[in-house]
Amino acid sequence: MKKFGALVLVSVLFIAAKADTLSICTYNIRLDVSVDGVNQWGKRIDKVSEIMRQNESDFFCVQEALPNQIDDIQGFLPTYNYVGVGRDDGMRKGEFSAIFYKATAYDMLTNGTFWLSPTPSIPGSKGWDAAITRICTYAKFKSKSSGKIFWVFNTHFDHIGDTARQMSALLITKKMKEMAGDEPCLLTGDFNSEPTSSAYKTILSNTNHSLKDSYIAQTRDCTFTGFEVASDICKRIDFIFYDKAFKPKSFAIISKNNGTYYPSDHLPVRAVFSF
C-alpha cells in the first residue's frame, strides 16, 4: 500500500512538472499611411487578419501599429486582450509596440512601456542618435493552467542610429534584470539589426539577462522584404529571443502572399516553446 501511495505521489508530481507549450508571433504590420497606395492598410487588413487567424498563437507582438490598427486587430482577435501605448505620448498617439495575448489562457499581472532613451520613463523621449522616438512594451503573465510566471518584452529599434540600437539593446536587458530578475523572459520585435550587427551581438552577449535567438534556418532567411514578392530586399531583422527557461520546439518565417504583394513589408516570425 505504501508503494502504491508513493507511486501515485510521483505521478502527481510528474504531471505538475509537465512543461507548458507557448506560441508567440512577432509582426511588424507596417503603419497605416496613405503613401503606400495599393498597400495601404485598408487594402491589406484582411490578409493580415488571415495570417493571424491561420497562425493562431498565444501571443502576437506587433510593431508600427497606429491606434486604428490596434482597434482593428482587437476586432479580429476578439478573445485576446492587449497591452501597449502610443510612443509619442504614452497614451494613444503614435505607433504601438503592443502585446496581444490569449486572455482565456493567461492572466496579465503587470505591464508598462519605457522609452529607448537615456530618460526611459519620459514619454516621447528620443535616445542617442535615433531618428525618431522608440519604445519597449512589456508585461508579466501567469499561465491559467499551470500557474507558471514569465515576461514578454516587445520593441522596435531605430532604423538610422547604430548607437541608439546598441544602447537600446543594453537598456532592455538591464530593464529585464531589474524587473524580472531570474523569472523567464521572451524578447520580440523589429530590431532593424541583422545578425552581424553590434546590437544583435549585444543582446546575445549581455550579462544582464542571458538570451538566445530562436531562429532555425529557412529556405529564404528574410523577415524584411518590402511589399513586393519579386523584390530583391532580404534582411533578417525581426527576432524572437528566449532565455534558459524555454526550449524551442519550432520556428517559422511566414511568407504567405497573393503572388504579387505581401500583407506587410515585414514577414511575421513565429516560434513555439516548451517551458
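The values are calculated or read from the model by the stated rules, or taken from the named source; none is laboratory data. Quick caveat, the model's predicted, so the values are computed rather than measured. Heads up, the Cβs are rebuilt from the backbone with ideal geometry, glycines too, and the neighbour counts pull from every protein chain shown.
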### Task
Give segment 193-224 a look and list any residue that's among the charged types (D, E, K, R) and either touching a residue at least 24 places away in the same chain (Cβ under 8 Å) or loosely packed, with under 14 Cβ neighbours inside 10 Å (or both), or say none.
Glu194, Lys212, Asp213, Arg220, Asp221
### Task
Test Phe227 against the criterion of being in contact (Cβ under 8 Å) with a residue 24 or more places away in the chain and either out of contact with any helix residue (DSSP H, G or I) (no Cβ under 6 Å at 6 or more places or on another chain) or surrounded by 22 or more Cβ atoms within 10 Å (Cβ to Cβ) (or both), and give yes or no.
no
### Task
Looking only at segment 215-222, decide whether some residue is modelled with pLDDT of 95 or more and among the β-branched types (Val, Ile, Thr).
no
### Task
Could you tell me whether segment 83-90 includes any residue that is outside any loop (DSSP other than H, G, I, E, B) and either surrounded by 17 or more Cβ atoms within 10 Å (Cβ to Cβ) or not hydroxyl-bearing (Ser, Thr, Tyr) (or both)?
yes
### Task
Test Asp20 against the stated conditions and say whether it is modelled with pLDDT of 95 or more, surrounded by 10 or more Cβ atoms within 10 Å (Cβ to Cβ) and charged (D, E, K, R).
no
### Summary
Checked segment 84-130 for anything in contact with a His (Cβ under 9 Å, 6 or more places away or on another chain) and either touching a residue at least 60 places away in the same chain (Cβ under 8 Å) or over 22 Å from Lys174 (Cα atoms) (or both); matches are Glu95, Ser97
### Task
Would you mention how many residues in segment 103-139 are out of contact with any Leu (no Cβ under 9 Å at 6 or more places or on another chain) and among the charged types (D, E, K, R)?
2
### Query
Under the condition of being among the hydroxyl-bearing types (Ser, Thr, Tyr) and assigned to a strand (DSSP E or B), which residue from segment 230-274 is surrounded by the fewest Cβ atoms within 10 Å (Cβ to Cβ)?
Ser250
### Those residues of segment 241-265 which are of a type in the set (Gly, Ala, Ser) and either free of Cβ contacts under 8 Å to residues at least 24 places away in the same chain or touching a strand residue (DSSP E or B) at 6+ places or on another chain (Cβ under 9 Å) (or both), in sequence order
Ala245, Ser250, Ala252, Ser264
### Task
Give segment 137-171 a look and list any residue that's closer than 21 Å to Thr26 by Cβ, free of Cβ contacts under 8 Å to residues at least 40 places away in the same chain and not in a loop (DSSP other than H, G, I, E, B), or say none.
Trp151, Phe153, Arg165, Gln166, Ala169, Leu170
### Query
Based on what the data block shows, is Asp190 in contact (Cβ under 8 Å) with a residue 60 or more places away in the chain and among the acidic types (Asp, Glu)?
yes
### Matching residues in segment 82-135 - criterion: being in contact with a strand residue (DSSP E or B) (Cβ under 8 Å, 6 or more places away or on another chain), farther than 14 Å from Pro67 by Cβ and hydroxyl-bearing (Ser, Thr, Tyr)
Tyr101, Tyr106, Thr110, Thr113, Ser121, Ser125, Thr133
### In segment 180-202, the residues that are assigned to a helix (DSSP H, G or I) and either more than 25 Å from Val272 (Cβ to Cβ) or in contact with a Leu (Cβ under 6 Å, 6 or more places away or on another chain) (or both)
Ser198, Ala199, Lys201, Thr202
